[in-house]
Amino acid sequence: MRSVIVAPTYNERENIEPFLRAVRSAVPEADVLVVDDNSPDGTGDVADQVAAELGQIKVLHRPGKTGLGSAYRQGFSIALDEGYDIIVSMDCDFSHDPRAITDLVAAIDRGDDAVVGSRYVAGGGTVDWPVHRRLLSRWGNRYVGMLLGLGVHDCTSGFRAYRSVALRDIDPMSTTAEGYAFLTELVRRLANHGYRIGEVPIIFRDRERGTSKMSSRIIIESMLLVTRWGISDLIHRRRPRRVR
Ligand SMILES: Nc1nc2c(ncn2[C@@H]2O[C@H](COP(=O)(O)OP(=O)(O)OP(=O)(O)O)[C@@H](O)[C@H]2O)c(=O)[nH]1
Ligand SMILES: [Mg+2]
């Protein structure tokens, strides 16, 4: 099966080269699509240089920063057009360990339509994250679980693999979220379509290099959207048809 890793980048100059090398060594057969939003620190140029050296890497240069959701919408659209069977999404700051990609892909091979690298299942966790980030993520996911009941323990994890037919079917291009609510939106759509969503444990490490792009705007967007979806599900008595 042909697979591609889609990695959005913004100001990841120190991470991009080691990241691309680590991905190549973990999954040598996989292609990579870097989606860079004209990072002021020159991440896009470094990515181009590494791509020329290693091959099997494309770099999409976008004009400016328009958010994680927007970067994934365009990256997924390209990956779907290019006919890959499996599409992997991940951060490039080493919070997601490239060596775990094979675990995600193996779960798709075993029959899952989508697989989430989860911090909140047995064997998963976070390392070095400040307490406020831990609380936000843990309770954010509990809130999602309470309102949407999707049966997935980590709906905001960006480390995932999708079977392309499932991803195409839920039409990611028609989503609207700018920040990581985009990730929750995709799980919600997959569950509502009855797709089989697996979770494999991951250890999420805080970034060692570069700076966080998390903002209060993104957190508020996520809370508002989850609340809106929860109310809408309640009104329409909509619950996922089939979730593992
Ligand atoms: N292209 C693009 N990439 C982005 C954007 N915002 C964040 N990213 C990248 O998306 C990945 C995940 O970003 P986030 O989880 O939102 O934020 P982060 O900067 O990793 O912050 P931490 O969670 O604190 O590590 C990283 O590889 C970022 O460089 C954006 O607006 N455009
Ligand atoms: Mg990060």
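Given Arg24, Arg13, which one is in contact (Cβ under 8 Å) with a residue 40 or more places away in the chain and closer than 21 Å to Ser95 by Cα? It is Arg13. If the condition is being in a helix (DSSP H, G or I) and away from ligand 1 (no atom under 15 Å from the Cβ), then segment 51-93 contributes Ala51, Ala52, Glu53, Leu54, Leu80, Asp81. Can you say whether Ile16 is buried (at least 16 other Cβ atoms within 10 Å of the Cβ), in a helix (DSSP H, G or I), among the β-branched types (Val, Ile, Thr) and out of contact with any Pro (no Cβ under 8 Å at 6 or more places or on another chain), as far as the supplied structure shows? Yes. If only residues of segment 165-178 that are within 14 Å of the chain's Cα centre (by Cα) and part of a helix (DSSP H, G or I) are counted, the one that is nearest to ligand 1 (Cβ to nearest atom) is Pro172.
On the basis of being among the small types (Gly, Ala, Ser) and part of a strand (DSSP E or B), does Gly140 make the cut?
Working: among the small types (Gly, Ala, Ser): yes; part of a strand (DSSP E or B): no.
No; evaluated as a whole, the condition is false for this residue.
Looking across segment 209-230, the residues that are of a type outside the set (A, V, I, L, M) and near ligand 1 (Cβ under 10 Å from one of its atoms) come down to Gly210, Thr211, Ser212, Lys213, Ser215.
For segment 113-128, what are the residues that are surrounded by 15 or more Cβ atoms within 10 Å (Cβ to Cβ) and more than 18 Å from Met90 (Cα to Cα)? Answer for segment 113-128, where residues must be surrounded by 15 or more Cβ atoms within 10 Å (Cβ to Cβ) and more than 18 Å from Met90 (Cα to Cα): just Val121.
In summary, Ala107 fulfils each of the numbered conditions (1) of a type outside the set (Phe, Trp, Tyr); (2) within 16 Å of ligand 2 (Cβ to nearest atom); (3) not in a strand (DSSP E or B) with the single exception of condition (2). Pairs meeting the criteria (first residue in segment 192-210 and assigned to a loop (DSSP other than H, G, I, E, B), second residue at pLDDT below 95 and near ligand 1 (Cβ under 10 Å from one of its atoms), beta carbons under 6 Å, at least 6 apart or on different chains) are Asp206/Trp129.
Within segment 197-211, the set of residues being closer than 19 Å to Val144 by Cα and surrounded by 18 or more Cβ atoms within 10 Å (Cβ to Cβ) comprises Ile197, Gly198, Glu199, Val200.
The values are calculated or read from the model by the stated rules, or taken from the named source; none is laboratory data. On a predicted model such as this, the values are computed, not experimentally measured, just so you know. Heads up, the Cβs are rebuilt from the backbone with ideal geometry, glycines too, and the neighbour counts pull from every protein chain shown.
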